Amino acid sequence: MKVPLHEIHESMGAKYTLFAGYQLPLYYTSITNEHLSVRNNVGIFDVSHMGRILVEGEDVQEYLNYVLANDINNLYVGRMHYSLILNENAGIIDDITVFMLDEYRFLLVVNAINRLKVVNWLNRHKVGYAINIKDVTRNSIMLAVQGPRSSQVYREIYNKDFDIKRFHFIESGVLGEEKSSVISRSGYTGEDGFEIIYFFCDKGDAFSIWRKIYGKVEKLGGLACGLGARDMLRIEAGYVLYDNDIDEDINPYEASLDWVVKLNKPNFIGKKTLISSKYKIWKKRYGLVMIEPGIPRRGYKIYKEESVVGYVTSGGYSPILKKGIGMVYIDIRKINEPENREVNIDIRGKLRKAVIKKFPLYDIKKYGYGRIIR
């Protein structure tokens, strides 16, 4: 499949990769250049492959509180949050963001690889609830502007200050047009930024929106960015990628996503299993930074002395740390309090030294949204 902006990306010289059934830009210039543009300046991503699902109706809040692990009651109009869809065994069906558009309308942004699975799951559990589920992915686009200068891009586009609070959003026309959009202060890079979902647009609309926003990014010296940069940015920040770092065999406690789960709300799918398993987990998700040269890759084993104590789920080279880094699961029965413990990682038959870290893996005084939003 191709996203609506495929021809634009092709004209910009994008090198493509196949992801979740979509042909998507891996990079335009280089992964490193695009990564550094986001950390130090600004970049724009086309993330239209992400699924967008509207859930509407009289019972929508009760329904979403049943099928999601986070508490819908903590939201209000203009507020969004991160949540999980769990199966009965508390395995993660998907990690999503939830937008409260109004009392009876919510927008779910889901992973591309899980879009159809999530739609089917939501429909399967809607019996008895007065709700309607509508997949609006195909007639919308989604763009992300990320980096410390993203607020300047916003100001250039909308001629006003970037005064949206983090994990809040506004609904409005786009660039003076009447068509519906959602603009949120959010992202998948660890940096400040905003994401725009533009509904009911044809290819011409999509091209126009990209050109206008990319033009403002380019004016500031920023770059169009592909999946390669996005992947390393999210690993540095500690953000999971479905099917790499989480799946239906991993529960939120193992994935260090327990902060998303609200056990104090009424019954939700997976709650019983979570209560019984909370103190029985044997592995936890951490970051890893190489001490010796080497790039950790998915599936590589981690050793403490001669014992296997974990495995890598995501990894690569960090342009800001100038080291190999990874996302890993550590057996907490074998390493108590793993943070800052040295380990060895088997890289192509050779053991290389590394250290276990908590996320984010970068200095938050130099990088990340915390230096922008206080």
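Quick notes
- Val38 β-branched (Val, Ile, Thr), closer than 19 Å to Ala130 by Cα and surrounded by 22 or more Cβ atoms within 10 Å (Cβ to Cβ): no
- Residue count for the stretch 222-269 under the criterion of being outside any strand (DSSP E or B) and either of a type in the set (A, V, I, L, M) or within 25 Å of Phe19 (Cα to Cα) (or both): the result is 32.
- For the stretch 68-87, residues that are in contact with a Lys or Arg (Cβ under 8 Å, 6 or more places away or on another chain) and either in a loop (DSSP other than H, G, I, E, B) or crowded, with 20+ Cβ neighbours inside 10 Å (or both) total 3.
- All positions within the stretch 305-364 that are part of a loop (DSSP other than H, G, I, E, B) and acidic (Asp, Glu): Glu305, Glu306, Glu337, Glu339, Asp363
- Scope the stretch 6-27; condition assigned to a loop (DSSP other than H, G, I, E, B) and surrounded by fewer than 20 Cβ atoms within 10 Å (Cβ to Cβ); matching residues: Met12, Gly13, Ala20, Gly21
- The single condition among (1) of a type in the set (Ser, Thr, Tyr); (2) within 22 Å of Val110 (Cα to Cα); (3) assigned by TED's automatic domain parsing to the domain that holds Thr189; (4) in a helix (DSSP H, G or I) that Ser37 does not satisfy is (2).
- Take the conditions (1) acidic (Asp, Glu); (2) loosely packed, with under 15 Cβ neighbours inside 10 Å; (3) touching a strand residue (DSSP E or B) at 6+ places or on another chain (Cβ under 9 Å); Asp95 misses just one of them, which is (2).
- Checked against the criterion of being at pLDDT below 95, surrounded by fewer than 22 Cβ atoms within 10 Å (Cβ to Cβ) and not basic (Lys, Arg), the candidates Phe199, Phe207 yield just one match: Phe199.
- Residue in the stretch 141-150 that is in contact (Cβ under 8 Å) with a residue 60 or more places away in the chain, out of contact with any Asp or Glu (no Cβ under 7 Å at 6 or more places or on another chain) and assigned to a helix (DSSP H, G or I) present: no
- Candidates in the stretch 290-328 are the residues that are more than 17 Å from Glu342 (Cα to Cα) and charged (D, E, K, R); of these, the one that is surrounded by the fewest Cβ atoms within 10 Å (Cβ to Cβ) is Lys322.
- Scanning the stretch 181-221 for residues that are assigned to a helix (DSSP H, G or I), of a type in the set (Gly, Ala, Ser) and either touching a strand residue (DSSP E or B) at 6+ places or on another chain (Cβ under 8 Å) or outside the structural domain of Gln146 (by TED's automatic domain parsing) (or both) yields one hit, Ala206.
The values are calculated or read from the model by the stated rules, or taken from the named source; none is laboratory data. Not measured: the values here are computed from a predicted model. Cβ atoms come from the backbone with ideal geometry, glycine included; neighbour counts cover every protein chain shown.
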